[in-house]
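Worksheet for the structure shown next.
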Amino acid sequence: MLRGKTALVTGSTSGIGLGIAKALARQGARILLNGFGDVQAPKAEIAALGVEVDYHGADMSRPADIEQMMQFAAERFGQVDVLVNNAGIQHVAPVQEFPPEKWDAILAINLSSAFHTTRLALPAMRAANWGRIINVASVHGLVASAEKCAYVSAKHALVGLTKVVALENATTGITCNAICPGWVLTPLVQKQVDDKAAAHGWSNEEATRRLLGEKEPSMQFTTPEELGELAVFFCSPAANNVRGVAWNMDGGWAAQ
Ligand code: NAD
């Protein structure tokens, strides 16, 4: 379905981003990976799916890096047809104790980076009259939790940006939608499990059960593979007129 198209997935060296990149690769898309840490293993996983893959190490907190990455994508693959804004970080603390530099970093990586990639990707998408912009927000783009002021603010704003981009392109072949996962067991969430276990003296299993039990009625993690399939749906012709939605895949979290 996506043969001949190029997908850029930010923060795709692990977790949800890698899951989405693999799902798009299975549909034939060329993949540009981005993120920190080990690059060789994710690159090999994508290449094994029979598509071209490359990597750019832009730090998504830096607009100049993002410009370089978008230029690299255009030179390497022609243009970005599918843009998945996924890179994100978390920090947990009450507002009065929240380090201002963590606030700035979360807003930059979880929100502003999507503005920059989107503004730079849109001209070529508009020229082609086709594009898919998928913002990985969170159930925290729809509802709040205590001690996550920067994350919840950034994710709510990302849902707002999603709607504006969808509206501005509503008469074109470019759609923009958000994915709002509940808990997904990635390094970002394992750290929260570890912190809970350490704070209360719980085992990993007990901390995991309590983390799910607090918020997620299904008591199940959503998987990167499931989120990848939702991204594939947004890229499909059936989703041509799905515009500006924030689609939660959250085990019933936001239904409560
Ligand atoms: P993860 O920690 O496994 O992956 C985050 C990715 O972002 C990694 O590839 C990392 O290298 C990259 N990254 C971090 N900072 C970066 C920077 N400055 N520049 C470039 N890349 C950077 O986390 P994840 O859980 O897969 O999270 C991916 C996205 O999904 C995030 O936006 C997160 O907010 C969102 N999300 C996660 C969950 C969850 O339960 N895990 C739930 C809802 C939403």
Considering only residues of the range 125-163 that are surrounded by 18 or more Cβ atoms within 10 Å (Cβ to Cβ) and more than 15 Å from the ligand (Cβ to nearest atom), which is farthest from the chain's Cα centre (by Cα)? Met125
For the range 41-51, how many residues meet the condition of being within 16 Å of the ligand (Cβ to nearest atom), more than 20 Å from the chain's Cα centre (by Cα) and either closer than 19 Å to Leu83 by Cβ or in a strand (DSSP E or B) (or both)? 0
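To keep it simple, each residue is scored yes or no on (1) in a helix (DSSP H, G or I); (2) under 29 Å from Leu24 (Cβ atoms); (3) β-branched (Val, Ile, Thr).
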site	(1), (2), (3)
Gly213	yes, no, no
Ser218	no, yes, no
Trp247	no, yes, no
Gly251	no, yes, no
Ala254	yes, yes, no
Looking only at the range 164-173, filter to residues that are crowded, with 17+ Cβ neighbours inside 10 Å and within 18 Å of the chain's Cα centre (by Cα); which one of those is nearest to the ligand (Cβ to nearest atom)? Val165
Residues of the range 7-31 classified as surrounded by fewer than 24 Cβ atoms within 10 Å (Cβ to Cβ) and within 20 Å of Glu75 (Cβ to Cβ), total: 0
Determine, yes or no, whether Ile89 is of a type in the set (Val, Ile, Thr), within 20 Å of Ser14 (Cα to Cα), part of a loop (DSSP other than H, G, I, E, B) and within 16 Å of the ligand (Cβ to nearest atom). yes
Going through the range 204-225 one residue at a time, which ones are surrounded by 13 or more Cβ atoms within 10 Å (Cβ to Cβ) and either touching a residue at least 40 places away in the same chain (Cβ under 8 Å) or away from the ligand (no atom under 16 Å from the Cβ) (or both)? Glu206, Lys215, Thr222, Thr223, Pro224
Per the filter on the range 9-40, residues within 12 Å of the ligand (Cβ to nearest atom) and outside any loop (DSSP other than H, G, I, E, B) are Val9, Gly15, Ile16, Gly17, Leu18, Gly19, Ile20, Ala21, Leu33, Asn34
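Taken together, the values in this text are just the output of simple stated rules run on the coordinates, not laboratory data. Treat the numbers as computed from the prediction; the structure is a model and nothing was measured. Cβ: placed from backbone, ideal geometry, glycine included. Neighbour counts: every protein chain shown.
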